[in-house]
Each structure stands twice: as C-alpha cells, then as structure tokens.
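Got a structure for you, questions after.
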Amino acid sequence: MTFTRPYFLLLLALPVILCFLEWILKGHPLVLPFDHGKQGRGKVLRVFVGIFNMTPALLLAVGIVLIAGPKQVAPPEEERVLTNTLFCLDVSGSMTSTFGGSTSRYDGAMEAIREFIDYREGDAFGLSFFGNEILHWTPVTKDTSAIKLSIPFMDPKSRNLPTWFGGTMIGRALLSCRDKMNEIKEGDKMIILLTDGSSADLSGGRETQIATKLRDDGIVVYVISVANYQINQQMQTIADITGGKAFAAGDSAALGAIFAHIDKMQVTKFKEAGLLTMDYFRPVAIAGLIVLSLHLLALFGIRYTPW
C-alpha cells in the first residue's frame, strides 16, 4: 500500500499519544462506601473499559489514514495498440465509371471506406486523394468525421475538381503517403490504396524500390483495384514486399467483402499497460466502521461513570 500524501501519516502520533495516556492516567479516584465488604480490583473490567475508551483516538487515526490517500497497485490491464490507416484514393476521371451497377467506382470506394472505419472503431484513419498530384485531405486521426463528409467535395464528376487530378501517378502518391505515415510515432502503419488503373511512374523496377522503402519504414500496403480486370503485377509486387495483399473488386459487394477480409488480416493487437495505482479506501473505511460501532456500543454503559 502507498499513499498520495504520506506526510499526513506523521499525525498518527496524536492518536498513539492519546491511547498511551488512556492506559497510564488514573483519572480522579472516587471513594465508595463499601463497608465490611471485600471488593475485587476489577482488572478485567478495566481492560475492557480502556479499550472502548480508546475508540475516539482510533477513529482519529482512521481519519488521518483516509486523508493520506491510501492506494494500491491495480491489476495489470491490456492496452490496445493503435493501427494507423491511411486511405489513398484515386480520383482520376476513370473513377466515374460504373461499378457493378448504378454507382460509380468513386462512390463505391468511399462507401466501403466508411464501413471499414466502423469495423475498426478505436483506430486512427486518414484520407488522401491522388491523380497526377496528391492532396492529403485529413491527417491520420481518431476523429473520422472529416472523412465521412468528404464525398461530395472530391467526386471526379464535380466540375470544381482541379484538372491536375486527371491522371494516375501511384508511385508519387505512395511516396507522399509514406512521408505522412513517418510523422506518426506510435502504433502500426497501414496504407490502403484504391485505384482503377496502372501507373507510368512504377515502370522500370520502380515499384520494387518504393515498396522496399515502405517496408523498411514498417508500412503495410493493401492494394485494391476497383476496375473490372485483374490486379496488375506492379501492384501485386508492392503488396507482397510490404507484407500486405492485392485484391480486385468488380462491384460494391466484392469491395465490402475485401475490406472485411483486410479487417480480419490486420488483427487488433494489445500490449500490457504500465503499472497503475488506484484508491484503496475500502479496508480503512471498514476498520473505521468497526471502531465507530464499538464506540457507539460503549456509550450504552461500557465506560467510566461521568461523575
């Protein structure tokens, strides 16, 4: 047991002194007229009366201990290891194509992202959009409201979307996302790349160089192709080297299933939290109630006569 304010324990000298005085002081002797009688010395009774007379001092000791703030070490608890996920979403013109129905590839991807955020409640998420250039819409944070509200602002069908989002530069986007993820000091790091095309800046073995940098920084990349064809070899290489996986989704249902699969693959981790202390008033309070009960009992007659 430890104490928040241990210096208050010095005041325990007061109840100790009071208890000591209770035993050594005889008080005022009183002569009683027991003529022609032989009376006992009452040693046993004196012990009982002395004990009950110490209850006010013992209550004072209990109060001092409570003021000192007793604490104990709490049982070890597990703390969730944060997973930091950055969505890297293609907003080139081809993302307006239909996605297995009436919805567009962009709308289907954003809906799947929102559902995935709900799967992984408690983790941190960020969102970046890319075409020829990249825009980091939200940093990686537990506050995901900005992600859920971003759908109409970066829709490729919007006339307000800058023209420099027209192409697909995946290599540049991944390197820029890598820089953002390296700003994070705690937790696992994961990038989920959603695109419907290939990229010229991944040719000539450049995809291997980029993937190696990501792997060395501890960043896992999952690649999801929302086009109606199989994932290309460059994307597969990036996913394999970083420890992730590449998927191809032809409609919204398949995309949702892929995100659910990623959720199972990226298992939530826990670590043992540091030692914590917690208030430990219970035993002291119980002792105080026992002493108080003895004091109330003594008031019924187990005490010296007041005269």
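When DSSP assigns beta bridges and you keep just the ones with both residues in region 49-168, what percent turn out antiparallel, to the nearest 5? Please report the intermediate quantities before stating the final value.
Numbers: 6 of 13 bridges.
Taking every DSSP beta bridge with both residues in region 49-168, the antiparallel ones total about 45 percent.
Averaged per residue, what accessible area in Å² does the chain show with a 1.4 Å probe, protein chains only?
Working: 17570 Å² over 307 residues.
Result: 57 Å² of accessible area for each residue.
Could I have the simple spin-label model distance between T98 and S158, label points 7 Å from Cα toward Cβ, reported in nm to one decimal?
2.5
While we're looking at this one, here's another question. What do you get for the angle between helix 43-53 and the principal long axis of the chain? Use alpha-carbon atoms, 0 to 90 degrees, nearest ten.
40
Multiply the residue gap between D143 and Y119 by 0.36 nm, knock off their C-alpha separation, and tell me the result in nm, one decimal place. If you can, show how the numbers build up before the last one.
Working: separation 24, 0.36 × 24 = 8.64 nm, distance 1.47 nm.
So the chain would gain 7.2 nm between D143 and Y119.
At what distance in nm do the modelled label points of F20 and N182 sit from each other, each positioned 7 Å from its Cα along Cα→Cβ?
Calculated label separation equals 6.9 nm.
Quote the accessible area belonging to K148 in square angstrom, nearest 10, computed with a 1.4 Å probe and with ligands, DNA and RNA left uncounted.
For K148, the solvent-accessible surface is approximately 70 Å².
Over 30 Å between Cα atoms: which of K157/K264; K180/K264; K148/K189 fall into that group? Write out the running numbers ahead of the final one.
Working: K157/K264 33 Å; K180/K264 25 Å; K148/K189 21 Å.
Check vs 30 Å cut-off fails for K157/K264.
Okay, moving on. When the accessible area of region 96-225 is split by element with a 1.4 Å probe, what percent falls to carbon and sulfur?
Working: 2750 of 5800 Å².
After summing per-atom areas, the C and S share lands at 47 percent.
Hey, what did region 44-174 get for relative contact order, percent, Cα under 8 Å, at least 6 apart?
Working: 154 pairs, mean separation 33.5, N = 131.
Relative contact order, region 44-174: 26 percent.
Could you work out the relative contact order of the chain, using alpha carbon pairs under 8 angstrom and six or more residues apart, expressed as a whole percent?
Numbers: 491 pairs, mean separation 73.8, N = 307.
Answer for the chain is 24 percent.
Let me ask another. PRE reach from N132 (point 7 Å along Cα→Cβ): which of region 188-206 fall under 12 Å by backbone N?
Answer for region 188-206: none.
Quick one: what Rg and Dmax do you get for the chain from the alpha carbons, in Å?
37.1, 124
Per 0.36 nm of contour for each residue apart, how much would the distance between L9 and S293 grow if the chain were fully extended, relative to their Cα-Cα spacing?
Numbers: separation 284, 0.36 × 284 = 102.24 nm, distance 2.38 nm.
Extra length available between L9 and S293 comes to 99.9 nm.
Add -39500 (n - 2.57) for each DSSP H run of 4 or more in the chain, then divide by its residues: what number comes out at 222 nm, to the nearest 500 deg cm²/dmol?
Numbers: 10 runs with 120 residues, N = 307.
About -12000 deg cm²/dmol.
Multiplying the sequence separation of I51 and A285 by 0.36 nm and subtracting their Cα-Cα distance, what value in nm do you get? Walk me through the numbers on the way to the answer.
Values: separation 234, 0.36 × 234 = 84.24 nm, distance 1.97 nm.
Extra length available between I51 and A285 comes to 82.3 nm.
The values are calculated or read from the model by the stated rules, or taken from the named source; none is laboratory data. Just so it is clear, the structure is predicted and the values come from calculations on it, not from any experiment. For neighbour counting, all protein chains shown are included, and Cβ atoms are generated from backbone atoms with ideal geometry for every residue, glycine included. Calculation scope for accessible area: heavy atoms of the full protein, side chains included, ligands and nucleic acids excluded. Shrake-Rupley method; radii C 1.70, N 1.55, O 1.52, S 1.80 Å.
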